[in-house]
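Colleague: Here it is, the structure, as structure tokens.
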Amino acid sequence: MPAVHATDPLDQPWDRLAPLPRELWLPGLVTAVGSPDRRLADLALWQDALQAGRLPPAEADFGDRAASAPLREVVGELGLAGLCRGTPALVQQTLRTLLWHLDRLTDLQPRLTRAEAIAQIAAEFRAAWTLEAADLEEQLVLLQGLGDLAQLRWDELRGHLNARPWREVQRAQAWLEQLPELQALIRRLGRSERSLAPWTPPPAERPDDRPGERPLRAVETRLPDLPGELTGIHLSGRPERMLASEAVMLRHPVLKKLWHARHAESRLLSWESEAVLVDWRPDPLAPPQRQGTTAEPETRERGPILLCLDTSGSMRGAPENIARAVVLAALRAAHESQRACRLIAFGGPGELLERDLTIGSAGLGPLLELMDLAFDGGTDIQTPIERAVDCVHEAAWRSADLLIVSDGEFGCVPQTLQRLDLARERHGLRVQGVLVGDRETLGLLEVCDAIHWVRDWRRYTEQARGEEARGWSPVHSKSLTALYFPNALSGRAARHLDSSR
């Protein structure tokens, strides 16, 4: 059994620094109030308690109950413990400022009495964090839904919250709250899990739910003297059915008189025919038979997300705000269920931004980069779709769904459509579209399996006024081409006719 080595007395109490983060070493070593051993021991208690979102016990007073108790009360009054939950950077900053104000107690004496000095440091600590925590709670709630805050330092956290792209994130969050259906669509993307509910509503009546059906029998109805099968020769007065031997008499100067006489007497040799109608009717004498049940295809959802985002100039304004809200929703969905999410932002030729919206602080970088991205340029859809198809052939993205966010102003070449069809056949790829515009284009109809229309897209801008603010749309249907020019649709695009109106 190995020997247990006791801590060297020369290392005490400084051995308690090892479990603490380096950001707390200096505040733990500088001990102007209290005792070093109590400060280091209680510092660990404070850190664990704040990390869990609760106040530390009153006994953790850093060796000076009278001086630390008012500071602990301020932490409780301002709700700093709740803000610190799951945010190590904020925990460390709270403890650093608390210990700094606590050590100022010696600087205020003997100019102030001890009671007055304690009251002043408590007031200064309260004033500093009242301003700091004014809007921190809402921002931290949003930030915690986008990544792992345990990997952020305080300077990085404050840098993110004070940057212009973060203000765009907050605006995107406000728009996202008005798009619940779009959020639900994004949460379902992917094919890694079995769905508890079908992707599309089931039919009102399934074959295996119907009562037993009786076999059908053929019922023939014969209609004499109507065009149909020839059954013989008979005498009639209908010239259109006469035999050829009767017709030649019309060319003879004498026999034509005989023809007119036979026609008047309805004695022309003519073909006899009858029409036969076959009607399939249930046989009342046969026993009922139940159709065999067929297994419905399994519906799957919640897997990796491949997000193709249109950043062309036509997306500027309200469509740009909706596009950013979609990215925010995708990152949040990926963070909540530990899914992979890849952003492929495209513009004109050569303008492609591909980033992984990973779990953790590293995923915030691509998000903020997109929020600061200008929406301009042309539209090249081939490159991002082909890149997404390449990803689907990789093992990590094989169960991913492709989501295209665009105003529909693009077209797709046949070679790219063939690659999409191959990915659908081999891996079950589903292509969902988010239409931020007034109408579908042939390109959008040919690429997507289903299209979610944000009809009231004009309202998602700060400058929306009047009818635009109420979500007014000048068109009644997104499928104007299908309604007024149906012959212009290809076979691929025409599959949306039943569901696009």
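Colleague: Can you find a residue in region 405-412 that is assigned by TED's automatic domain parsing to the domain that holds ARG339 and at pLDDT 85 or above? Steps first, answer last, please.
Modeller: Filtering region 405-412 down to residues assigned by TED's automatic domain parsing to the domain that holds ARG339 leaves 405-412.
So of that shortlist, the ones also at pLDDT 85 or above come out as 405-406.
Looking for residues that are assigned by TED's automatic domain parsing to the domain that holds ARG339 and at pLDDT 85 or above, one finds at least one in region 405-412, hence yes.
Colleague: Follow-up question, since we're still on this one. Based on what the data block shows, is THR94 in contact with a Cys (Cβ under 9 Å, 6 or more places away or on another chain), in contact (Cβ under 8 Å) with a residue 24 or more places away in the chain, more than 22 Å from GLN12 (Cα to Cα) and among the polar types (S, T, N, Q)? Explain how you work it out, then say what you get.
Modeller: Working: in contact with a Cys (Cβ under 9 Å, 6 or more places away or on another chain): yes; in contact (Cβ under 8 Å) with a residue 24 or more places away in the chain: yes; more than 22 Å from GLN12 (Cα to Cα): yes; among the polar types (S, T, N, Q): yes.
So THR94 passes the test.
Colleague: For the structure I just gave you, tell me whether VAL33 is touching a residue at least 60 places away in the same chain (Cβ under 8 Å), surrounded by 14 or more Cβ atoms within 10 Å (Cβ to Cβ) and among the β-branched types (Val, Ile, Thr).
Modeller: Values: touching a residue at least 60 places away in the same chain (Cβ under 8 Å): yes; surrounded by 14 or more Cβ atoms within 10 Å (Cβ to Cβ): yes; among the β-branched types (Val, Ile, Thr): yes.
It is true that VAL33 is touching a residue at least 60 places away in the same chain (Cβ under 8 Å), surrounded by 14 or more Cβ atoms within 10 Å (Cβ to Cβ) and among the β-branched types (Val, Ile, Thr).
Colleague: Same structure again: For ASP356, which of the numbered conditions (1) modelled with pLDDT of 80 or more; (2) crowded, with 19+ Cβ neighbours inside 10 Å fails to hold?
Modeller: Status for ASP356: all satisfied but (2).
Colleague: Filter region 415-443 down to the residues that are part of a helix (DSSP H, G or I), within 18 Å of ARG387 (Cβ to Cβ) and either touching a strand residue (DSSP E or B) at 6+ places or on another chain (Cβ under 7 Å) or modelled with pLDDT of 80 or more (or both) and list them by number.
Modeller: The first filter runs over region 415-443 and keeps only residues part of a helix (DSSP H, G or I), leaving 415-427, 442-443.
Retained after the next criterion (residues that are within 18 Å of ARG387 (Cβ to Cβ)): 415-424, 426-427, 443.
Within region 415-443, GLN415, THR416, LEU417, GLN418, ARG419, LEU420, ASP421, LEU422, ALA423, ARG424, ARG426, HIS427 qualify.
Colleague: Here is a further query. If you go through region 246-286, how many residues are at pLDDT below 85 and either at positive phi or in a helix (DSSP H, G or I) (or both)?
Modeller: Number satisfying all stated conditions: 0.
Colleague: Take ASP390 and decide whether it is within 22 Å of the chain's Cα centre (by Cα), charged (D, E, K, R), crowded, with 17+ Cβ neighbours inside 10 Å and assigned by TED's automatic domain parsing to the domain that holds GLY317. Step through it out loud before you land on a result.
Modeller: Details: within 22 Å of the chain's Cα centre (by Cα): yes; charged (D, E, K, R): yes; crowded, with 17+ Cβ neighbours inside 10 Å: no; assigned by TED's automatic domain parsing to the domain that holds GLY317: yes.
Considered against the rule, which asks whether it is within 22 Å of the chain's Cα centre (by Cα), charged (D, E, K, R), crowded, with 17+ Cβ neighbours inside 10 Å and assigned by TED's automatic domain parsing to the domain that holds GLY317, ASP390 comes out as no.
Colleague: Need at least 1 residues that are more than 40 Å from the chain's Cα centre (by Cα) and at pLDDT 70 or above per element, so show me which helices (runs of 4 or more DSSP H) inside region 106-187 make the cut, counting only ones lying wholly within it.
Modeller: Ranges flagged: 114-132.
Colleague: Hey, any hits in region 192-206 for a residue that's over 60 Å from the mean Cα position of the chain (by Cα) and either modelled with pLDDT of 85 or more or of a type outside the set (Phe, Trp, Tyr) (or both)? If you could, list the steps in order and put the result at the bottom.
Modeller: As a first pass, look at region 192-206 and keep what is over 60 Å from the mean Cα position of the chain (by Cα): none.
Scanning region 192-206, I find no residue that is over 60 Å from the mean Cα position of the chain (by Cα) and either modelled with pLDDT of 85 or more or of a type outside the set (Phe, Trp, Tyr) (or both), so the answer is no.
Colleague: Taking GLU124 and the conditions (1) surrounded by fewer than 17 Cβ atoms within 10 Å (Cβ to Cβ); (2) in contact (Cβ under 8 Å) with a residue 40 or more places away in the chain, which numbered condition does it fall short on, given that it satisfies the others?
Modeller: Just one mismatch for GLU124, condition (2).
The values are calculated or read from the model by the stated rules, or taken from the named source; none is laboratory data. Here the structure is a predicted model, which is why all the values come from computation and not from measurement. Cβ coordinates were reconstructed from backbone atoms using ideal geometry, including for glycine residues, and neighbour counts include every protein chain displayed.
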